[in-house]
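Below: one structure, written as structure tokens.
The values are calculated or read from the model by the stated rules, or taken from the named source; none is laboratory data. If you're wondering where the values come from, they're calculated on a predicted model, not measured in any experiment. Here the Cβ is made from the backbone with ideal geometry for all residues, glycine too, and neighbour counts use every protein chain on show.
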Amino acid sequence: MKPSLNARGTLNDIARRLGVSSATVSNAFNRPDQLSPKLREKILATARSMNYSGPNPAARMLRTGFSGTIAVVYPDSLLRPFEHPTAAALLGGIVDACTERGLALLLPPGGQHAFKVIRNAAVDGLIVFSLPKNDLTLQAIKERALPTVIVDQPRLPKVPLVGIDIRASARACAEHLTALGHKRFGIVTFRLGADGYCGYIGRDRVKNSCFELNRIRVSTYLDVIDRAGPDVSVKIWEWPQSDEEGGRVAGENLLKEHPRPTAILATNDSLAIGVIEAARACKVGVPQDLAVTGFDDIPAARLITPQLTTTHQPMAEKGRLAVARLLTEGGPLRIMVPTRLIIRQSSDPSTLASDQETKIEVLAHPPSRSVE
């Protein structure tokens, strides 16, 4: 059983027992290079005998005003950043940057529990990833008035953001398909609303989406398709999650259409991979009968057969930049990283005979700016 708080010695108690200053005892825990190994071990042994485990982090925070911790605010269950490849890559970049700077990381639960946690968390700053613009957690974030950086969405006035040029990236992908001559399109998107809807949707739902990133991505796809001529057609399927199961369900439904689409744009790679699996089950050849594109360039995009045409965005780099910007006063309000359209086998039959990729740079606008 752990000893009670009353049974524990203090830093001053240890100093008095050893006949040294309290600063010397403090150095044994915080600045070990200032002491000889023999003296430090003597102090630590005495501390253990008195049930003293080191300076109180809460007291240090009260004294300095800093906790040495930042929080990452995510809209979903705490498990999602570990399960989804894109969120995991972003989190990995954040962890790398925090490790380099000696910072701790707090991952509060998402959804309805995040509001209370954010209001009470002992943190120095917040990194907000892909919250919908009407999320209640935003109110708690505003009330705390802590240094905050947004990754991707929502784009808020005077709040620094790390992101990509969503329109340019989506436009390059859609124009690749229209240049191949496709006229019948499907769009598979993860959630546009917070109501868990699944099924076909119209353009009004896209226009009124509370998820800014997805709204811009899908509306840009539609703009490019509309310009492809008067004889084009497009159907949009929404799934509430960003997973392969959603792509399979969407693909199965879209491929039952008469006439069926010859090209499907998915708003992320997991959905696109599910569409390819649905096409295989329906005996529809990809890309001979159906072109499929994704977004993000997760590792599985290169492992599936055929390899997936997609837009690469550097999620780990976005995480590192978010931490750097959070710790920089007076930095740029917008840090935009470039993306690349990577053309692989899933969209163009001419690529089937080769494993080579075609990479098309999509420059950030405004120009990318980095933070040291």
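Things to note:
- Some residue of segment 235-244 being farther than 22 Å from K183 by Cβ and either small (G, A, S) or over 23 Å from the mean Cα position of the chain (by Cα) (or both): yes
- Of all the residues in segment 196-213, those that are at pLDDT 95 or above and assigned to a helix (DSSP H, G or I) number 5.
- Of the helices (runs of 4 or more DSSP H) lying entirely inside segment 1-66, those containing at least 1 residues that are at pLDDT 70 or above and at negative phi span 11-18, 22-30, 37-49.
- On inspection, G181 does not qualify as in the same structural domain as P287 (by TED's automatic domain parsing), closer than 23 Å to L254 by Cβ, under 19 Å from the mean Cα position of the chain (by Cα) and in a loop (DSSP other than H, G, I, E, B).
- Helices (runs of 4 or more DSSP H) fully within segment 68-147 counting 2 or more residues that are touching a Ser or Thr at 6+ places or on another chain (Cβ under 7 Å) and surrounded by 14 or more Cβ atoms within 10 Å (Cβ to Cβ): 114-120
- Test: residue in segment 294-306 that is within 23 Å of C173 (Cβ to Cβ) and in contact with a His (Cβ under 7 Å, 6 or more places away or on another chain): yes
- Residue satisfying all of: in segment 184-227; within 15 Å of S242 (Cβ to Cβ) and among the polar types (S, T, N, Q); surrounded by the most Cβ atoms within 10 Å (Cβ to Cβ) among these: T189
Yes or no, residue by residue, for (1) hydrophobic (A, V, I, L, M, F, W, C); (2) under 22 Å from S209 (Cα atoms); (3) out of contact with any strand residue (DSSP E or B) (no Cβ under 6 Å at 6 or more places or on another chain):
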| site | (1), (2), (3) |
| --- | --- |
| L138 | yes, yes, yes |
| P147 | no, no, no |
| V151 | yes, yes, no |
| P154 | no, yes, yes |
| I164 | yes, yes, no |
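- Residues of segment 169-183 include at least one that is surrounded by fewer than 22 Cβ atoms within 10 Å (Cβ to Cβ), among the basic types (K, R), modelled with pLDDT of 95 or more and over 16 Å from V218 (Cα atoms).
- Test: residue in segment 339-348 that is surrounded by fewer than 22 Cβ atoms within 10 Å (Cβ to Cβ), within 30 Å of I70 (Cα to Cα) and of a type in the set (D, E): no
- Among the criteria (1) within 30 Å of R334 (Cα to Cα); (2) touching a Leu at 6+ places or on another chain (Cβ under 7 Å); (3) assigned to a helix (DSSP H, G or I), the one V188 does not fulfil is (3).
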